[in-house]
Amino acid sequence: MPTLLEGLVDRLDGDLANRRREIVDFRLMVDASSGSRRDLLARACHVMAYAHWEGFVKLAIEVYLDYVLTRGLNVGSLNFGLQSLAVRTPMRLATEPDRSIERIADLLKLLDGRTTERFVVSPHDIVQTGNMTAGTLKALLGCVGLEYLPAYQTREKFIDSVVCGRRHRIAHGEWQPISGDDARAVAGDVLVLCAELNEQIQTAAAYETFLL
């Protein structure tokens, strides 16, 4: 029977393999086409590449949180990103416009006692977000205590302007031109980013960087 870590690795590797297969198939269709059909397939390839980018980021973060939850750890034993995640709802309530001293006092009591409580969150709810821009990726990584790697930093403009920007214009009915070369390049770079995140998540789980 596989260990919890092996289960995480298998799920992420298997999911990314399926996404890679579909993206590669699209790239092959673009290569084999010409004229208006090539333009159509290039646009579709770009949208699909974005879909797999957003989908894999959300899945990877969700799987990682599921893994941490299965460890049955107390909030106080986790890194500060995860600790913050555990108290974000009561924190939000305490900072609403109608907040009162009593509500803030309740929050302080909660924070003081929460460290010995078991870590409980809803991974699926946490990853429900908008477009997977560089800022969104950074926020998701931060909330689980993972570093926003240089590999992401150096590609911020690519993620925001190319992957997200072009997909947004296509999705909203604009005639965003995508050449065959553009589609192949974007698809390839998206796979590189997904592979980087996959390795980061697996390494974090293996070396237990979720611990304080």
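Within segment 42-51, the set of residues being surrounded by 23 or more Cβ atoms within 10 Å (Cβ to Cβ) and not hydrophobic (A, V, I, L, M, F, W, C) comprises H46, Y50.
Quick check on D39: is it surrounded by fewer than 19 Cβ atoms within 10 Å (Cβ to Cβ), under 21 Å from the mean Cα position of the chain (by Cα) and part of a helix (DSSP H, G or I)? Criteria not met by D39. Listed by first and then second residue, the pairs with beta-carbon distance under 6 Å, at least 6 apart or on different chains, first residue in segment 140-163 and among the small types (G, A, S), second surrounded by fewer than 19 Cβ atoms within 10 Å (Cβ to Cβ), are G142/G81; G145/N79; G145/G81; A151/E196. In this structure, does V63 turn out to be touching a Lys or Arg at 6+ places or on another chain (Cβ under 8 Å) and buried (at least 18 other Cβ atoms within 10 Å of the Cβ)? Yes, satisfied.
Residues are listed down the side, and each one gets a yes or a no for (1) modelled with pLDDT of 85 or more; (2) of a type in the set (S, T, N, Q); (3) on the phi < 0 side of the Ramachandran plot:
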{"site": "R71", "(1), (2), (3)": "yes, no, yes"}
{"site": "N79", "(1), (2), (3)": "yes, yes, yes"}
{"site": "T89", "(1), (2), (3)": "no, yes, yes"}
{"site": "R103", "(1), (2), (3)": "no, no, yes"}
{"site": "L108", "(1), (2), (3)": "no, no, yes"}
{"site": "G113", "(1), (2), (3)": "no, no, yes"}
{"site": "T116", "(1), (2), (3)": "no, yes, yes"}
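Residues that are buried (at least 19 other Cβ atoms within 10 Å of the Cβ) number at least 3 in the following helices (runs of 4 or more DSSP H) confined to segment 129-212: 134-143, 180-206.
The values are calculated or read from the model by the stated rules, or taken from the named source; none is laboratory data. No experiment lies behind these values; they were computed from the predicted model shown. Because the Cβ atoms are built from the backbone with ideal geometry, glycine has one as well, and the counts that use them run over all protein chains shown.
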